[in-house]
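Student: Handing you a structure now.
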Amino acid sequence: MSMGLKAGLKWGALCLLVYVGFLLVKLPALQFISRVQLPPGVSLSGVSGTIWHGQAQQVIAHGLPVEKLSWQLNALPLLWGSVNAQVKAGNMRTIDEISFKAKVNLTKNSISARDLQAYLPTNLLISLLPLPFPVHADGRLRVQLEALDYADGCQVLRGKGQWLKAELVGLNGQIALGDFAAQLSCDQGDVLLEIKEPNSFGLSAIARIPKTLQFSVEGKFKLDPNLPKEVQQAAQFFGQPDGQGYYPLKF
């Protein structure tokens, strides 16, 4: 083989490599996502940008809307079969929007996150709870996670949650409840959310969320006597108080 032919083949291979690299760098996110099987209950719309730096105008996840999702994808972890990205969604200053930011790592069977901060409107979450009567609530739930590792169940979870500026909508207007705080952890593969007193509901409870998302809540509460009469009356739907005035909470 002549030197000229060898040089031509090398230059041709280099040009092909550069061209393939250019296509990968500029690969539209929409073309990629349209060929990916998303998890059940998850849909994306308004996808733009590239797979490395892209956006989706809206994501619906199990009925919950997430606006303006954006991501920055790291290329190197793809070589060993994982997706590593920085993600951001919503506007943290908008109280009626789901918003979050985090560093996430996805594999075929697991998800992990670091430095996650999220805000969720309380009224959206209340609508998911099987309460014995309709409840209208305001405020926001703030979640801050140091670490999350989830693979066929909760493996590592360190963080806390807060219900900020909690309010109930009563017959005579808003009923301010203050703040509620909870610790987040794992137990036998389930996510645990533990609320402890003091708070205006005198609430101590543990919410358990298995991988099926069929969560349960068990605890007790004793209302602040300064709360309005309609709140005191609503407590009777949960049963009779014990000798210390605590009502049972279980669903």
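Where a number appears in this text, it was derived from the coordinates with a stated rule and is not lab data. Just so it is clear, the structure is predicted and the values come from calculations on it, not from any experiment. No Cβ is skipped: glycine too gets one built from the backbone with ideal geometry, and neighbour counts run over all protein chains shown.
Student: Show me, for the stretch 107-112, the HN-Hα J-couplings you get by feeding each phi into the Karplus relation (A = 6.51, B = -1.76, C = 1.60, θ = phi - 60°), rounded to Hz, glycine and proline as x.
Tutor: Running phi through 6.51 cos²θ - 1.76 cosθ + 1.60 with θ = phi - 60° gives 10, 4, 10, 8, 9, 9 Hz.
Student: Suppose every K and R has +1 on its Cβ and every D and E has -1 on its Cβ; what is the size of the dipole of the stretch 142-243 about the Cα centre, in Debye to the nearest 20?
Tutor: Here the stretch 142-243 has a charge dipole of around 180 debye.
Student: Going toward the positive end of the dipole of the chain, with +1 on Lys and Arg Cβ and -1 on Asp and Glu Cβ, which of 178, 38, 136 do you reach last?
Tutor: The residue sitting most towards the positive pole is 38.
Student: So if each residue of separation counts as 0.36 nm, and I subtract the Cα-Cα distance between residue 217 and residue 125, what length gain in nm does that give?
Tutor: Here the segment from residue 217 to residue 125 would lengthen by 31.7 nm.
Student: What distance in nm lies between label points placed 7 Å from Cα along the C-beta direction at residue 147 and residue 68?
Tutor: 3.3 nm
Student: Related question: Residues with amide H under 5 Å of residue 51's amide H, sequence separation 5 or more or different chain, H placed in the peptide plane at 1.01 Å from N; which?
Tutor: 27, 29
Student: For the stretch 209-238 and the stretch 183-201, what is the separation of their Cα centres, given in Å?
Tutor: Here the two parts' Cα centres lie 14 Å apart.
Student: For residue 103 and residue 226, calculate 0.36 nm times their separation in residues minus their Cα-Cα distance, and state this gained length in nm to one decimal.
Tutor: Here the answer is 40.0 nm.
Student: Return the subset of 88/250; 68/165; 88/220 for which the Cα-Cα distance in this structure is over 28 Å, preserving the input order.
Tutor: 88/250; 88/220
Student: I would also like to ask the following. The chain: D in µm²/s via Stokes-Einstein (Kirkwood Rh, Cα pairs, 25 °C, 0.890 mPa s)?
Tutor: 115 µm²/s
Student: Next up: Can you order the peptides 32-44, 176-188 by their average number of other Cβ atoms within 10 Å per residue, highest first?
Tutor: Sorting 32-44, 176-188 by mean packing, highest first, produces 176-188, 32-44.
Student: Treating only the Cβ atoms of Lys and Arg (+1) and Asp and Glu (-1) as charged, compute the dipole magnitude of the chain about its Cα centre; round to the nearest 20 debye.
Tutor: Dipole magnitude for the chain comes out near 1100 debye.
Student: May I ask you to compute the full-extension gain from residue 45 to residue 209, defined as 0.36 nm times their residue separation minus their alpha-carbon distance, rounded to one decimal in nm?
Tutor: Length difference between fully extended and current span is 56.2 nm.
Student: Same structure again: Which value at 222 nm does the chain reach when only helices count, each DSSP H run of 4 or more adding -39,500 (n - 2.57), with the total divided by all residues and rounded to the nearest 500 deg cm²/dmol?
Tutor: Using -39500 (n - 2.57) per qualifying helix, the result is -4500 deg cm²/dmol.
Student: Moving on. With charges set only on the Cβ (+1 for Lys and Arg, -1 for Asp and Glu), what does the dipole of the stretch 131-183 come to about its Cα centre, in debye to the nearest 20?
Tutor: Approximately 140 debye in magnitude.
Student: Let me ask another. If the cut-off is 14 Å between C-alpha atoms, which aspartates and glutamates fall inside it for residue 160, apart from same-chain ones fewer than 8 positions away?
Tutor: 115, 146, 179, 194
Student: Can you compute 3J(HN,Hα) from phi for each residue in the stretch 176-185, using the Karplus curve 6.51 cos²θ - 1.76 cosθ + 1.60 with θ = phi - 60°, rounded to whole Hz and x for Gly and Pro?
Tutor: Using θ = phi - 60°, the values come out as 6, 10, x, 10, 10, 10, 9, 9, 10, 7 Hz.
Student: Once amide H atoms are placed 1.01 Å from N in the peptide plane, what residues at a sequence separation of 5 or more from residue 178, or on another chain, have their amide H within under 5 Å of its amide H?
Tutor: Correct list: 166.
Student: Ok, one more. Could you work out how far helix 3-25 tilts from the main Cα principal axis of the chain, as a 0 to 90 degree angle to the nearest 10?
Tutor: Tilt relative to the chain: about 20 degrees.
Student: Got a sec? Charge dipole of the chain, +1 on Cβ for Lys and Arg, -1 for Asp and Glu; which of 205, 163, 61 is way out at the positive end?
Tutor: Projecting each Cα onto the dipole axis, the largest value belongs to 61.
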